[in-house]
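Visitor: One structure coming up, written as structure tokens, with questions to follow.
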Amino acid sequence: MEHNFIAALRALATDPAARRLLDDAAVLAFGDTRLVLTYDMIVEGVHFLPGDPPEDVAWKLVAVNLSDLAAKGAVPVGMLCGYMLSGSAEWDAAFARGLAEVGVFFAVPLLGGDTVSGPPGAARSFGLTAIGRAEGEVPSRAGARAGDTIWVTGTIGDAGAGLRAARGLLDAPALLDRYRRPQPRLAAGQALAPLVSAMMDVSDGLLIDAERVAAASGVRIYIDLERVPLSDAYRAACGGDRDDVLAAASAGDDYELLFAAPDTLAIRETAGRLGLPLTPVGRAAAGHGLALSWRGAIIDHDGPLGWEHGSR
């Protein structure tokens, strides 16, 4: 459903800044400066749980939008917030405190927005526009070329496990913050942008997002599942066999960066400067679509590759 609706909107998004709605953000050019605009919503019961602390909901709303700016190598310059009044003055005040905290943490000021009231009992829903600035060329999902190495920052699967912990389905309190308070890779995105062929953030799952890079770039991407980086906390709580890696790689909410790059030496040198793990997890080749391997053998995977609205 989501894919079909976005496809219908492409007929309206004809300005070059829209990038045919195939990217994480719109990019407006002003000489050598690029204004990067992104908008994401989060909805109670879909992106956060009713019992999640409002301060954490505010953090997540901002962080998921800043992650899109990170994938463009952009520096955040401001945000506009759309807020549905919750019906609880205490909840609204706690959200405002959280919004102030995350704004200071990432040095992104609130510039404006709008408030509305919803019908009684409606799920809370919030939207945010993040505005960034970038110089020169801005990476997109398109651009990966046959022969490129596919990389990912950080570790994968922690947020999915953290959600299970928040639901009481898994004993993994150490992973709760990865679900509730994601860390957009802004510094990494800015450092990597000049080096990559294509880049996007991992929001819906490593596998489905790799498939999106493959589709936008017109290549076939091979992901070596045994190379997908898992944290020690994830391995302790969930394990590390093939099914555990598949669960991690399709869970979503990681907000790491997935990118294709031709020069592995430059990427490794950048990893050293960042102090952040950058892991090669696959390669791009001629063809189309996504292929998965485990210990050198291509595998069949009939399960979901990640999250898509309307598919579950």
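Visitor: Which of Asp68, Asp204, Asp171 moves the most in a Gaussian network model of the chain with Cα springs under 10 Å?
Guide: So, out of Asp68, Asp204, Asp171, the one fluctuating most is Asp171.
Visitor: Oh, and also: How big is the shadow of the Cα convex hull of the stretch 96-148, averaged over all directions, in nm²?
Guide: The Cα convex hull of the stretch 96-148, projected and averaged over all directions, gives 7.4 nm².
Visitor: For the stretch 174-268, what is the charge dipole size about the Cα centre, in debye to the nearest 20, if Lys and Arg each add +1 at the Cβ and Asp and Glu each add -1 at the Cβ?
Guide: 220 debye
Visitor: Can you tell me the mean projection area, over all orientations, of the convex hull of the chain's alpha carbons? Units nm², please.
Guide: 16.3 nm²
Visitor: Then there's this: I want to check the label-to-label distance for Glu135 and Leu274. Put each point 7 Å from Cα in the C-beta direction and report it in nm to one decimal.
Guide: So the two model labels end up 1.9 nm from each other.
Visitor: Could you identify which residue out of Asp253, Asp241, Asp224 has the top mean-square fluctuation in a GNM of the chain using Cα springs shorter than 10 Å?
Guide: With Cα springs under 10 Å in the chain, the top fluctuation among Asp253, Asp241, Asp224 is at Asp241.
Visitor: Expressed as cubic angstrom per residue, what is the convex hull volume of the alpha carbon set of the stretch 265-310?
Guide: Normalising the Cα hull of the stretch 265-310 by residue number yields 163 Å³.
Visitor: Follow-up. For the chain, with a Gaussian network of springs between Cα atoms less than 10 Å apart, report the residue from Leu257, Leu225, Leu110 with the top mean-square fluctuation.
Guide: Per the Cα network of the chain with a 10 Å cutoff, Leu110 tops the list.
Visitor: Nearest 20 debye, what's the magnitude of the dipole of the chain about its Cα centre given +1 on Lys and Arg Cβ and -1 on Asp and Glu Cβ?
Guide: Computed about the Cα centre, the dipole is about 460 debye.
Visitor: Let me ask something else about it. Calculate the radius of gyration of the Cα atoms of the stretch 153-312 to one decimal place, then report Dmax, the largest Cα-Cα distance, as a whole number, both in Å.
Guide: In order Rg, Dmax, the Cα atoms of the stretch 153-312 give 15.2, 44 Å.
Visitor: If you roll a 1.4 Å probe over the chain with all protein chains in place, what percent of the accessible area is carbon or sulfur?
Guide: 55 percent
Visitor: Suppose we keep just the alpha-carbon trace of the stretch 56-198; what are its Rg and Dmax in angstrom?
Guide: 17.4, 55
Visitor: Out of all DSSP beta bridges with both ends in the chain, state the antiparallel percent to the nearest 5.
Guide: Percentage antiparallel, nearest 5: 80.
Visitor: Separate question: With the other protein chains left in place, how much accessible area per residue, in square angstrom, belongs to the chain at a 1.4 angstrom probe?
Guide: Value returned for the chain: 45 Å² of accessible area per residue.
Visitor: Tally Lys/Arg at +1 and Asp/Glu at -1 over every other residue whose Cβ is under 13 Å from the Cβ of Ala161; what's the total?
Guide: Result for the local shell: -2.
Visitor: Show that you can apply the helix-only estimate: for the chain, add -39,500 (n - 2.57) for every DSSP H stretch of four or more residues, divide by all residues, and state [θ] at 222 nm to the nearest 500.
Guide: -10000 deg cm²/dmol
Visitor: Could you tell me what a quarter of the Cα convex hull surface of the stretch 34-126 works out to, in nm² with one decimal place?
Guide: 5.9 nm²
Visitor: Largest first, how would Phe30, Phe259 line up by accessible area (1.4 Å probe)?
Guide: Phe30, Phe259
Visitor: So what does the Cα-only Debye profile of the stretch 105-182 read at q = 0.13, 0.26 Å⁻¹, as log10 I(q)/I(0), no solvent term?
Guide: For the requested q values the scattering log ratios are -0.84, -1.13.
Visitor: While we're here: Which one of Tyr255, Val202, Ala286 has its Cα pushed farthest toward the positive end of the charge dipole of the chain, where Lys and Arg give +1 and Asp and Glu give -1 at the Cβ?
Guide: Projecting each Cα onto the dipole axis, the largest value belongs to Ala286.
Visitor: A further question on this structure: Looking at the stretch 41-192, send over the antiparallel percent of its DSSP beta bridges, to the nearest 5.
Guide: Just about 60 percent of them are antiparallel.
Visitor: Compute the Kirkwood hydrodynamic radius of the stretch 187-250, taking the inverse of the mean of 1/r over all pairs of distinct Cα atoms, and give it in Å to one decimal.
Guide: Taking every pair of different Cα atoms in the stretch 187-250, averaging 1/r and inverting gives 13.3 Å.
The values are calculated or read from the model by the stated rules, or taken from the named source; none is laboratory data. These figures come from a predicted structure and were not determined experimentally. Positions of Cβ are generated from backbone atoms using ideal geometry, with glycine treated the same way; all protein chains shown enter the neighbour counts. Just so you know, the surface numbers come from the protein's heavy atoms only, side chains and all, with ligands and any DNA or RNA stripped out. Shrake-Rupley method; radii C 1.70, N 1.55, O 1.52, S 1.80 Å.
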